[in-house]
1. Counting other beta carbons within 10 Å of each Cβ, put Val197, Val60 in order, fewest first.
2. For all pairs of alpha-carbon atoms in region 85-157, what percent lies in each bin of width 5 Å, listed from the first bin to the last filled one?
3. Which ³J(HN,Hα) values in Hz, rounded to whole numbers, follow from the phi angles of region 131-139 under the Karplus curve 6.51 cos²θ - 1.76 cosθ + 1.60, where θ = phi - 60° and Gly and Pro get x?
4. Based on other C-beta atoms within 10 Å, arrange Cys118, Cys152 from fewest to most.
5. For region 190-196, what does the Karplus curve 6.51 cos²θ - 1.76 cosθ + 1.60, with θ = phi - 60°, yield as ³J(HN,Hα) per residue in whole Hz, taken in order and with x for Gly and Pro?
6. Averaging over all projection directions, find the projected area of the Cα convex hull of region 73-202 and quote it in nm² with one decimal place.
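Read-outs throughout are calculated quantities, based only on the coordinates presented, and are distinct from any laboratory measurement. This structure is a prediction, so every number in the text was calculated from the model and none was measured. All Cβ positions, glycine included, derive from the backbone under ideal geometry; neighbour counts span all protein chains shown.
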Amino acid sequence: MNLNLNLNVNPGQGLCGSRHGGGRPRAWIAAALALVLLGGLNPARAEKAGHAHQHGAVTVSIGIEADTVTLLVEAPLDSLVGFEHAPRTAAQKRAAQALLARLRSPAGLFQPDAAAACQIGAFEVDGGVLEATGAAPSDGHADLDATYTWTCASPQALRSLDLAGLMQAAPRIERVSAQIASPQGQFKAALKRPATVLRWGR
Ligand SMILES: [Zn+2]
């Protein structure tokens, strides 16, 4: 187990270099992220970790603590719907509504390792500019953030997460990178379409 694993995203990797979201309060998501980044990381450093905004990519963080699994999904809207502004055309409005509806019906969207016996719990989807309440991005790029939690009977058995439902709902997703913080240690995982399953710690 390597507790010194660097979970920071290289700022040079991002196309925009900073977090997005128009300054909306995200206390719930921040709390979830803090949970994900358990293991003694400096909070200030965790805050700086941010994410790389790369079109076609999705970044996820998975935290396992006691019987609770938290999944934080950060996706450039381009990876999900192909545009990063408030929907204008009828087609864009349909795409935004369909995506948000799918993300808010989490059954089958993500499938944790069956051996872990997880049941979906609370979740929150922040559609950003896709929603009427979303502030316009200052730099022309915009993200969607979503957080899902599960309660698992055998959380120690969780070694994979199948994202097939998400990748079916968003065919523009080409790759997913993940960081995982669990009692067994911290891991990184990645997948490229047509693969849909993140695996770690095996
Ligand atoms: Zn962008």
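1. Numbers: Val197 14, Val60 24.
The most exposed by this proxy come first: Val197, Val60.
2. Calculated over all Cα pairs of region 85-157, the distribution is 3, 15, 20, 18, 14, 11, 8, 7, 3, 0 percent.
3. 3J(HN,Hα) across region 131-139, in whole Hz: 10, 4, 7, x, 7, 5, x, 7, 10.
4. Cys152, Cys118
5. Once θ is set to phi - 60°, the couplings for region 190-196 become 8, 8, 10, 3, x, 4, 10 Hz.
6. Details: hull surface 33.3 nm².
For region 73-202, the mean projected area of the Cα convex hull comes to 8.3 nm².
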